[in-house]
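A short reminder: the numbers here are calculations on the coordinates, not readings from a lab. Being a predicted model, the structure only gives us computed values, none of them experimental. Backbone-built Cβ (ideal geometry, glycine too); neighbour counts: all protein chains shown.
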Amino acid sequence: MKILLVEDEKKIVDFVCAGFREQGFTVECCTNGNDGFQKASSRNYDVIVLDIMLPGRDGLSILKGLRKMGNATPVVLLTARNELDDRIEGLNLGADDYIAKPFFVEELIARLHAVQRRMSGERHNVLMVGDLCLDRMSREVRLHQQTVELTGREFNLLEYLMRSAGHVFTRTQILEHVWGYDFDPSTNVVDVCIQRIRKKIAVAEKESLIESVRGVGYRFRKAEVTR
Ligand code: CA
């Protein structure tokens with residue numbers, strides 16, 4: 001896990017960094033809010049651990065700035081005992097969790113793992129491509145907020161391709177995964193099914209979200225998938 005720690009108290013920085021490194025986390029540290037925001041907004045981290053009272057820009061302002069610019073990196077706030085209002089404001093601003101000082105680094109690490117699990121749950125349950133949204137739990141697909149009626153087979157095929165967007169699957173792989181048994185490899189059921197899905201999720205006249213890769217198979221266009 002790659003973590004950004006923004007905290008100005010050296011004692012806290014030292015024991016948190018030591019605990020993180022012992023866990024095998026990679027940690028970068030900033031001791032003032034301006035540097036913290038700069039790093040948080042320009043680099044990729046799995047989680048940001050953010051103190052509230054900081055020299056320079058304060059933690060809540062950093063959080064607000066990040067969310068405003070669409071940065072959804074999970075944030076865990078470090079709060080002092082008497083900062084109840086800040087804690088509530090922080091959660092309202094989009095913090096994922098907080099921990100009150102003083103704390104044990106083991107507890108902070110447990111919170112980070114929990115936040116990550118939640119994130120990956122959400123990431124993996126809903127796949128989104130522009131206006132196309134596939135929910136793996138409810139097995140619903142929506143385009144422009146309208147439900148797209150897919151058969152079970154079509155849903156499985158679409159999910160299979162979307163889940164590994166950018167990866168080319170051969171017809172045989174798709175057959176085995178979606179139909180689950182050995183079909184005659186010369187069958188065209190995959191192509192027929194792809195054509196049906198394409199019609200149902202056609203977003204515009206432009207090329208389809210599902211690309212044919214000549215002589216190989218099919219792939220979902222990668223650039224448009226966000227998780
Ligand atoms: Ca502080």
Amide H contacts of residue 47 (H built 1.01 Å from N, under 5 Å, at least 5 apart or other chain): 2, 4
Residue-averaged 222 nm ellipticity for the chain, from DSSP H runs of 4+ at -39500 (n - 2.57), nearest 500: -12500 deg cm²/dmol
Cα centroid of segment 11-34 to Cα centroid of segment 72-139, whole Å: 19 Å
Stretch gain in nm, segment residue 2-residue 107, where the contour uses 0.36 nm per residue and the Cα spacing is subtracted: 36.1 nm
Inter-label distance for residue 192 and residue 26, nm, one decimal - labels placed 7 Å from Cα along Cα-to-Cβ: 4.9 nm
Per-bin percent of Cα-Cα distances, the chain [5 Å]: 1, 6, 13, 15, 13, 9, 8, 9, 9, 8, 5, 3, 1, 0, 0
Separation in nanometres of the label points that stand 7 Å from Cα toward Cβ, at residue 91 and residue 151: 4.8 nm
Amide H partners (placed H, <5 Å) of residue 57, local residues excluded: 33, 34
Whole-Hz couplings from phi, Karplus 6.51/-1.76/1.60, listed for segment 151-168; x for Gly and Pro: 6, x, 5, 4, 4, 4, 5, 4, 4, 4, 6, 5, 5, 10, 3, x, 8, 8
